[in-house]
Amino acid sequence: MTDKRTLTALIRGGESQRLEFKRSTGELREAMQTLCAFANAGGGTVVLGVKPDGTLVGQEVSPQTLHEIAAARDRFEPPLEVRMERVPSGHGREAILLSVVGHTDSAQFIFDGRPYERVGNTTRRMAQARCESLLFERAHSRRRWENQVADEVTLKDIDREEVLRIVGDFESIGRLVGSPAQRANAALDRLGLRKDGHLLRAAVVLFGKTFMPDYPQCELRMARFRGLTRDEFMDHRSIRGPAFKLLEEAQLFCQRHFPLPARIVPTQFKRVETPLIPPLALREILVNALIHRDYSIAGGAISLALFDDRVEVWSAGKYPRGITPALLRREHLSVQRNPIIADVFFRAGLIEKWGRGTNRVAEMCRAAGIAPPEFREITGAAVVTFRVPVAGPPRVTGEVTPQVTPQVTPQVTPQVEALLRALEGGAQSGAAVRAQLGLKDRMHLQRAYLAPAVEVGLVEMTVPDKPNSRLQKYRLTEKGRALRRGVPDGPDP
């Protein structure tokens, strides 16, 4: 309960953005407009019976006064709870305190059909554009595409083994605390991917097994074009899958098509290979495309386009509200369109939540001697472009010795290096290679190890006319054996 001493202290130390004085109920309309502005922000109090300079004068409070206040409170839409206190100020007069709490997670409040906002220590009518923007942001905080229940999806449509594997990884690196999850449904609950026992759409994006016909937007389109235009394909692929798989496929596609400039370092007496784009920088941009895209666009996708002179990453939807292409080139806050999906990638250690991702990408590119990427919005899509010579010539650094000519070697990923080592003893079946590399997934061996090595001519099949033959084995080609003699040993991935 507020007394006169407390009220006096409030008047003297009041925060101008949360407190306003009115001399009497003669200014009741303005007082209610201010309460509307307070409700649309962080809350506040209007005191009736105080001069603008803070002098407490009070006023006579009659039944008519209380009736006028009650009638004014009824003119808020939606209904707003206004707390009223009466504080004696002396000589039979009272001050009236009208207070509201902030409602930043609800619909916009209006008084007499108009919204109001607080700017500094003044109240003003809210502009329509500002009103629409706040309405959108507040609606988005509660109702987004990713946090809606996927009515047509059950646990059988989710890759439960992958869920448990991912959660186990999070627990091992300290990104998920609590008792270890033994069942997929408990793991999904811990990741916030279920609501009242029902799967959310975010769960499908991250761990789904089936995407057609309800989730066609979980798609990655990849193409290597000849030249500088989209007129002729050299290679193109389109796949639908969970987000982590799409990230892996995009990285593998780049590895297959990127040249790998090499240089000889005199002090090491061996070739040192330099990626066309720093791998962590490229991964950051691909992850951003996965977590910030607009999944409500059913026909949307992520597109990875490689030209002779550049690499483009397209994602459906514009940049999140509050983020512009220019802003991404300097310090900025993190604005997440899909915070549930982003949180899972954060727990995987693939992103941070401080808005420094694009700044770190620029730093890595400069350190590697290439231009930072360009950020644009084109026809409703967010586009990131790396200006790099995909078709050559290779970049030459000052560390190349005069007597050695720079060369472009076949792309050798850590997975391909491990495969080459495994095949040094002679031809082996796919099962034998999997056992030697400690792999369980046959398709992962095919996609990440065998296909890239066969494509660049480092490995060949013993029964090339029957790729699926039960007698099929794999062996090094002469090119693979020659390259293997120049590939330094290292730990398997």
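Using the structure shown, decide if ILE297 is in a loop (DSSP other than H, G, I, E, B) and crowded, with 20+ Cβ neighbours inside 10 Å. Spelling it out, it is not the case that ILE297 is in a loop (DSSP other than H, G, I, E, B) and crowded, with 20+ Cβ neighbours inside 10 Å. Checking each residue in the stretch 57-88 for being assigned to a helix (DSSP H, G or I) and surrounded by fewer than 16 Cβ atoms within 10 Å (Cβ to Cβ) picks out PRO63, GLN64, LEU66, HIS67, GLU68, ALA70, ALA71.
Every residue, every condition in (1) among the β-branched types (Val, Ile, Thr); (2) in the same structural domain as GLY44 (by TED's automatic domain parsing); (3) farther than 16 Å from ALA31 by Cα, yes or no:
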{"position": "GLN59", "(1), (2), (3)": "no, yes, no"}
{"position": "PRO63", "(1), (2), (3)": "no, yes, yes"}
{"position": "LEU66", "(1), (2), (3)": "no, yes, no"}
{"position": "ILE69", "(1), (2), (3)": "yes, yes, no"}
{"position": "ASP74", "(1), (2), (3)": "no, yes, no"}
{"position": "PRO78", "(1), (2), (3)": "no, yes, yes"}
{"position": "GLU81", "(1), (2), (3)": "no, yes, no"}
{"position": "PRO88", "(1), (2), (3)": "no, yes, yes"}
{"position": "ARG93", "(1), (2), (3)": "no, yes, yes"}
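Close contacts from the stretch 459-475, counting a first residue that is farther than 19 Å from LEU419 by Cα and a second that is in a loop (DSSP other than H, G, I, E, B) and of a type outside the set (Val, Ile, Thr), with Cβ to Cβ under 8 Å and a gap of 6+ residues or different chains, come to LYS466/GLN472.
Per-residue answers, yes or no, for (1) at pLDDT 85 or above; (2) out of contact with any helix residue (DSSP H, G or I) (no Cβ under 8 Å at 6 or more places or on another chain):
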| position | (1), (2) |
| --- | --- |
| THR385 | yes, yes |
| GLY392 | no, yes |
| PRO410 | no, no |
| ALA422 | yes, no |
| ALA432 | yes, yes |
| LEU437 | yes, no |
| LYS466 | no, yes |
| ARG470 | no, yes |
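Tallying residues that are in a loop (DSSP other than H, G, I, E, B) and of a type in the set (Gly, Ala, Ser) within the stretch 423-455 yields 5. The set of residues in the stretch 213-249 that are part of a helix (DSSP H, G or I), surrounded by fewer than 19 Cβ atoms within 10 Å (Cβ to Cβ) and among the small types (Gly, Ala, Ser) is empty. In the stretch 335-365, of all residues being among the charged types (D, E, K, R) and assigned to a helix (DSSP H, G or I), the one that is farthest from GLY192 (Cα to Cα) corresponds to GLU363. Filtering the stretch 40-63 to residues that are of a type in the set (D, E, K, R) and over 16 Å from LEU19 (Cβ atoms) leaves only GLU60.
Residue count for the stretch 456-487, restricted to those that are outside any loop (DSSP other than H, G, I, E, B) and among the small types (Gly, Ala, Ser): 2.
In the set (1) within 30 Å of ASN40 (Cβ to Cβ); (2) exposed (fewer than 12 other Cβ atoms within 10 Å of the Cβ); (3) modelled with pLDDT of 75 or more, GLU117 fails one condition alone, (2).
Here are VAL344, VAL311, VAL335: which of them is at pLDDT 85 or above and closer than 30 Å to GLY174 by Cβ?
Unique residue meeting the criteria: VAL344.
The values are calculated or read from the model by the stated rules, or taken from the named source; none is laboratory data. Here the structure is a predicted model, which is why all the values come from computation and not from measurement. Using ideal geometry, Cβ is built from the backbone for each residue, glycine included, and neighbour counts are taken over all protein chains shown.
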